[in-house]
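Working notes, beginning with the structure itself.
The values are calculated or read from the model by the stated rules, or taken from the named source; none is laboratory data. Keep in mind that what you see is a predicted model, and the values were worked out from it rather than measured. Virtual Cβ from ideal backbone geometry, glycine too; neighbours counted across all protein chains shown.
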């Protein structure tokens, strides 16, 4: 027994010891592997999807009160590009970013050809029959509150206007679009040579108006904002300072430059060492152009001769709108006096960022311009104030020990108002790094112009991310049942729908800093605004874009700002921190397919008459669609494969997909605009043109002379082939294993 | 005692059990982690460097006997681009690759503007004073062995020659270089307008000769190979079929086209759906050009009038070389009769590959053209035969279960002889996939022209890999002590040395299929030949480039071929299978720095007189050098970090580095040549020009007229700024964490 007991004891002790040793061994064995193979931390991080709680933390961090204070700072003084305050605010942004906890922040200067009025000389004069000045347009806007009582406010002007004095007969050209000039010349038979055009602001980019006016032979252009657009009848709002509508002395400033880059350094960054072409070689307007308020416009328009304009041309000035030419007394003339000068000046970008923990060489970017014509409370400071709060939220989490998977980059651009210049020069200077590494560019600009709903324009590649982010954020508007709802739901309720029953997202034209990212180097971009139900943005580029305007009428509690900030902070996170990027090539294929079907329906007959078939293009789109499905299958297959390289691979394909649409040879006559699917319309830079090369080649093709018609139809053939090539190239690109890099085997 | 013994026993048993349990536990714990986390296989593969034994297996697999049989096949029939045999051999390559075990292989056709003589009409006639033909050049080369007795041999011609009949006075222009024409016009005062130029082949690309002749106003060009170059006195070799020297009836065929792409589809692939410009818009020679043998050339040259040529111009025809113009009897004339026609024809690439195990979206590429003017035993079949053996070795290992880390792609190009067309169209069609994913392009072409030593031209980015691969392979030549040595050692012993005491590697000009990879999209490339001590390549493009020539005189045992094959199989493996790519940006920085110092020494004075400083450019090169050092520090730091994403990151930086030198706007007047550091010389397409934009702008700048001189100096300023920008951009690119994407902080 004793032996037995001893044996039993031995067995028990042995077993316990074996088990204990076993357990300890397992633990140590497991831990030992963790400790002895340091790859596990890196590998685990590489395989880890973004922490969902981070999303909530970032969203909850955004505070409207902070945004309000940022807005107060940025609207405290005028900060026109190239002025002293441009640098002061740039340094503020840099210092603030460093204080917020970003890893780095720097001011990046460029030496640009900018344009400034000389004193307060610019004006439009009304000359009596003796040639004397009977009256002239106001040299500056009326002082309607104390904020305007200062001497550093740039008077109303159009940047890059030709300088000089031109006198002549006015012709009213409605909005000065191609159609408007066609109406004047073809239907009304009015000779526009050497006339001075007077036209409304709106509908298209003002620079296009200037170049169209030059095209018809006019020798000057006067622009004004009609009350129909900026203070329309029938709405409850009043004019500033009592409301958001534009008063009669308010004037929209703005640039006339169309090429979206420093005019003297096309294709290359405007550094100190840059080669600068002669100003005469730059594509600048040659005629004087000047903007006036509608109180002044009324005085000129009410005296005009000629037929009364047709219905769609009338504004709300309580006058009889007439075409001209000239005044009812033909001896009386209008005279434009412009002394604006172009000059080299330094403008400033600020770039700051957080280095990613796992893929520091992939950049999720968020940017906005900082320069404003005067105070810029809406344009661009609503966006800048939001960006500063977004960066603060990121900085706070980074200080707390978190770090996103990819790098985050914040960009405060200079000289956007002059022609999207600061961002363009940056993209030119760092195009190789950005084309290789930028995952997305999110643009802010004027982020709040009302409290109705969100509105987005983006590459189809980002639809999914935009929908997902807006679903995560609560909207200030309650739903029809008075219940709280998401930004997405409010948007959905008030928007037209896509074929997939989602709110419509617009295409990207130009008009803000996404243009160089999207159209020069193919970085997928999105632009978003929370906007007004009916008012548009009446105070746009006037001196009355003040903190008072925003904080009194638009968003007193800054809840709309905070909402946009929450959408942006989450949208940025979804690109910076997700294991698989929230992009979907199938959405791109669908959008292109829809555009194609619409194009085909409108043009197939005309093209067929010229023996031009769209079959190859349609086939290419089908191949690309198959490629997009194939990629998605690959991505779906990753869920069970813990393979860090495979994730990187599909993310590289997703990121690079937008690049496929960039043709280094550029669009016809626009070598620096390179996106063959979406580009600014050549007839209106603000708008997007789908298949821009094709659309331009077909524009009014029936009206051109026979020789040009032959060339134009050849251009159409060329554009169909080019689109087919680019879209086939996209199809091949989607199959990243090269099994089908050669033709004809997509998706196998 | 008993108790004690029991206790001792318990302790011992317990300890043993604990230890046993512990050990088992550790093992199970460790194994459990291996089994329960499926990422480990993928992760381990991602972190695994290439297996060194694979290198030996691949090298040992290469067998000269196989290469000989491949060469026998490819030289069995003429296989000019666009002919029936072009397709037959393409399909052979495809089928062979599939049989060898590649994952895929496909024939990829393009519809190209090619050029063919019509029958045997092309000739140069000697007209007597009565205008009758006294004699004419041979319509075809002499039959010197039975292989030439067939009717599908294209007679000597220059592709894309202008068609027509031109009669006039001959002027002898030596090698028809810029300097040669300058000598004739400026020093000899000979008016070249409407003359027919007769010139030697050699020194520069024949297409440049044709365009220079057009530039001086000549109306025709006759080319011949002088015995001094192809059958020089004083060497032991005999002419074919008794040796490697060119017999008197042998003629070099060849293209005159300079733009390296399908002439009708510039910038876009020559697919069926492509838009084709009118032939009149293509950049083709407008004058008739024809090549003749030296037996014929002697007849024309010996009858010429004028002064005897200066010393450097004389050949070895045993005549008195005279400048002309005309014959000693001025009534006698030369007449060129050319009926060559340009026509659309289909040529074929073949693409085959092996999909990588870890990074299938990264491609290591090896290629060679397949088309030949006739049999092409050296050009290009020595390379193709080697490539087929290299692919066989890879296929065999893949069949055995191995798979490289990255994908391997083999390319058999069509229509290279016409102007590097097949590879260019492929690069155009798939530029987006290739620019995103191609790691390297290794080019073969004429791989064996002798048994003296290896000679390489490459991007500086590949020096390291070339040195490493050549060190691993045994050379057929023994060293001075009669001992076996490596390819590198034999090369080192017979070559000039770099500043780092390594054998000199040349820069890449054009003349083979690396051009579109290197100069259009920035894929680092290398070109390699095992060459002859003194003979050059006398039979180049003649009918006598036969299997007999190679197997009798050049490489009877195919040991040289096997040596080149071993170097290529290892070089390819080093890119396909290494954990860190064998590229070194420091070598690039050094090469650019050396080129810059040499440029500065030659030009600083001239530039300084025009107030052009090179300081900004020098500073940029220093920044890039610092960036290269920084990247290397990052790479060195990886050895202790088992982080798969970090390896991918540095490999992406290494791969993308060559892309940084690609300017999408292209070089001045050469929009499709985009590499700003190395490009074909605009005065000799075969040669490389360093800083080509700058070099061209400065070319003979003192000789141009005053107005052009101003424009040229502005161009020089522009080029200095552009180079500075591109090199600064390279510096920024090297710091992949964006900490210094903005200016001024490289390497921090």
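For region A:615-649, a tally of residues being surrounded by fewer than 22 Cβ atoms within 10 Å (Cβ to Cβ), within 11 Å of chain B (Cβ to nearest Cβ) and farther than 19 Å from residue A:582 by Cβ returns 7. Among the residues of region A:505-523, is there at least one that is more than 30 Å from residue A:249 (Cα to Cα), surrounded by 24 or more Cβ atoms within 10 Å (Cβ to Cβ), out of contact with any strand residue (DSSP E or B) (no Cβ under 8 Å at 6 or more places or on another chain) and in the same structural domain as residue A:71 (by TED's automatic domain parsing)? Yes: region A:505-523 contains one or more residues that are more than 30 Å from residue A:249 (Cα to Cα), surrounded by 24 or more Cβ atoms within 10 Å (Cβ to Cβ), out of contact with any strand residue (DSSP E or B) (no Cβ under 8 Å at 6 or more places or on another chain) and in the same structural domain as residue A:71 (by TED's automatic domain parsing). For region B:158-243, which strands (runs of 3 or more DSSP E) that fit wholly inside it have 1 or more residues that are closer than 17 Å to residue B:255 by Cβ? Those strands (runs of 3 or more DSSP E) span B:196-200, B:220-224.
Just one of the listed residues (A:416, A:389) is in a loop (DSSP other than H, G, I, E, B), touching a residue at least 60 places away in the same chain (Cβ under 8 Å), away from chain B (no Cβ under 14 Å) and at negative phi, namely A:416. Somewhere in region A:81-93, is a residue on the phi > 0 side of the Ramachandran plot, touching a residue at least 24 places away in the same chain (Cβ under 8 Å) and surrounded by fewer than 17 Cβ atoms within 10 Å (Cβ to Cβ)? No, every residue in region A:81-93 fails to be on the phi > 0 side of the Ramachandran plot, touching a residue at least 24 places away in the same chain (Cβ under 8 Å) and surrounded by fewer than 17 Cβ atoms within 10 Å (Cβ to Cβ).
Could you grab me the full set of residues in region A:253-263 that are assigned to a loop (DSSP other than H, G, I, E, B) and in contact with a helix residue (DSSP H, G or I) (Cβ under 8 Å, 6 or more places away or on another chain)?
Quick first cut of region A:253-263, residues assigned to a loop (DSSP other than H, G, I, E, B) only: A:253, A:256-263.
Hits for region A:253-263 are A:256, A:257, A:258, A:260, A:261, A:262, A:263.
Is it the case that residue B:437 is in the same structural domain as residue B:108 (by TED's automatic domain parsing), more than 21 Å from the chain's Cα centre (by Cα) and surrounded by 22 or more Cβ atoms within 10 Å (Cβ to Cβ)? Can you show your working first?
Values: in the same structural domain as residue B:108 (by TED's automatic domain parsing): yes; more than 21 Å from the chain's Cα centre (by Cα): no; surrounded by 22 or more Cβ atoms within 10 Å (Cβ to Cβ): yes.
So residue B:437 does not fit the description; no.
If the requirement is being buried (at least 18 other Cβ atoms within 10 Å of the Cβ), closer than 20 Å to residue A:165 by Cβ, in contact (Cβ under 8 Å) with a residue 24 or more places away in the chain and touching a helix residue (DSSP H, G or I) at 6+ places or on another chain (Cβ under 8 Å), which of these qualifies: A:201, A:224? Break it down into steps so the answer makes sense when it comes.
Working: A:201 fails: closer than 20 Å to residue A:165 by Cβ.
Being buried (at least 18 other Cβ atoms within 10 Å of the Cβ), closer than 20 Å to residue A:165 by Cβ, in contact (Cβ under 8 Å) with a residue 24 or more places away in the chain and touching a helix residue (DSSP H, G or I) at 6+ places or on another chain (Cβ under 8 Å) holds for just one of A:201, A:224, which is A:224.
Taking residue B:610, is it farther than 24 Å from residue B:431 by Cα and out of contact with any strand residue (DSSP E or B) (no Cβ under 7 Å at 6 or more places or on another chain)? Judged against the criteria, residue B:610 is a match. Checking the stated criteria, residue A:292 turns out not to satisfy the condition of being modelled with pLDDT of 95 or more and in contact with a helix residue (DSSP H, G or I) (Cβ under 6 Å, 6 or more places away or on another chain).
Residue count for region B:456-488 satisfying the condition of being under 16 Å from residue B:505 (Cα atoms) and out of contact with any helix residue (DSSP H, G or I) (no Cβ under 8 Å at 6 or more places or on another chain): 2. Considering only residues that are buried (at least 22 other Cβ atoms within 10 Å of the Cβ) and over 20 Å from residue B:211 (Cα atoms), look in region B:275-295 and name the one that is nearest to the chain's Cα centre (by Cα). Filtering first and then ranking leaves B:293.
Does residue A:133 satisfy the condition of being farther than 30 Å from residue A:359 by Cα, surrounded by fewer than 20 Cβ atoms within 10 Å (Cβ to Cβ), away from chain B (no Cβ under 14 Å) and touching a strand residue (DSSP E or B) at 6+ places or on another chain (Cβ under 6 Å)? Talk me through it step by step, then tell me what you get.
Numbers: farther than 30 Å from residue A:359 by Cα: yes; surrounded by fewer than 20 Cβ atoms within 10 Å (Cβ to Cβ): yes; away from chain B (no Cβ under 14 Å): yes; touching a strand residue (DSSP E or B) at 6+ places or on another chain (Cβ under 6 Å): yes.
Judged against the criteria, residue A:133 is a match.
With respect to the stated conditions, residue A:410 fails to be surrounded by 24 or more Cβ atoms within 10 Å (Cβ to Cβ), closer than 30 Å to residue A:198 by Cα and either touching a helix residue (DSSP H, G or I) at 6+ places or on another chain (Cβ under 8 Å) or at pLDDT 95 or above (or both). The numbered conditions (1) away from chain B (no Cβ under 11 Å); (2) free of Cβ contacts under 8 Å to residues at least 60 places away in the same chain; (3) touching a strand residue (DSSP E or B) at 6+ places or on another chain (Cβ under 7 Å) are all true for residue A:595 except (2).
Only one of A:355, A:340 is within 14 Å of chain B (Cβ to nearest Cβ) and either surrounded by fewer than 24 Cβ atoms within 10 Å (Cβ to Cβ) or more than 30 Å from residue A:98 (Cβ to Cβ) (or both); which?
Details: A:340 fails: within 14 Å of chain B (Cβ to nearest Cβ).
Unique residue meeting the criteria: A:355.
For the condition touching a residue at least 12 places away in the same chain (Cβ under 8 Å), within 30 Å of residue A:647 (Cβ to Cβ) and outside any strand (DSSP E or B), residue B:357 qualifies. Out of B:321, B:363, one residue alone is under 30 Å from residue B:45 (Cα atoms) and either within 14 Å of chain A (Cβ to nearest Cβ) or touching a residue at least 60 places away in the same chain (Cβ under 8 Å) (or both). It is B:363.
Check A:123, A:150 and return the single one that is touching a residue at least 40 places away in the same chain (Cβ under 8 Å), farther than 23 Å from residue A:371 by Cβ and surrounded by fewer than 22 Cβ atoms within 10 Å (Cβ to Cβ). Break it down into steps so the answer makes sense when it comes.
Values: A:150 fails: farther than 23 Å from residue A:371 by Cβ.
Unique residue meeting the criteria: A:123.
Residue B:567 is checked against (1) closer than 30 Å to residue B:291 by Cα; (2) within 23 Å of the chain's Cα centre (by Cα) and fails just one. What number does that condition carry? Just one mismatch for residue B:567, condition (1).
Close Cβ contacts (under 9 Å, 6 or more residues apart or on different chains) running from residues in region B:28-52 that are under 12 Å from residue A:645 (Cα atoms) and facing chain A (nearest Cβ under 8 Å) to residues that are modelled with pLDDT under 50 and assigned to a loop (DSSP other than H, G, I, E, B) comprise B:43/B:37. For region A:486-502, a residue qualifies if it is without any contact (Cβ under 8 Å) to a residue 40 or more places away in the chain and crowded, with 18+ Cβ neighbours inside 10 Å, and the qualifying residues are A:488, A:489, A:490, A:491, A:492.
For residue B:18, are the conditions met, namely being facing chain A (nearest Cβ under 10 Å), surrounded by fewer than 17 Cβ atoms within 10 Å (Cβ to Cβ) and modelled with pLDDT under 85? Spelling it out, it is not the case that residue B:18 is facing chain A (nearest Cβ under 10 Å), surrounded by fewer than 17 Cβ atoms within 10 Å (Cβ to Cβ) and modelled with pLDDT under 85.
State which residue is surrounded by the fewest Cβ atoms within 10 Å (Cβ to Cβ) when the search covers only region B:711-733 and only residues that are farther than 12 Å from residue A:273 by Cβ and within 7 Å of another protein chain (Cβ to nearest Cβ). Taking the candidates together, the pick is B:729. Mind checking which residues of region B:419-455 are within 14 Å of chain A (Cβ to nearest Cβ), outside any strand (DSSP E or B) and touching a strand residue (DSSP E or B) at 6+ places or on another chain (Cβ under 7 Å)? B:422, B:423, B:425, B:426, B:437, listed by residue number. Listed conditions (1) touching a strand residue (DSSP E or B) at 6+ places or on another chain (Cβ under 9 Å); (2) part of a helix (DSSP H, G or I) are all met by residue A:312, apart from (1).
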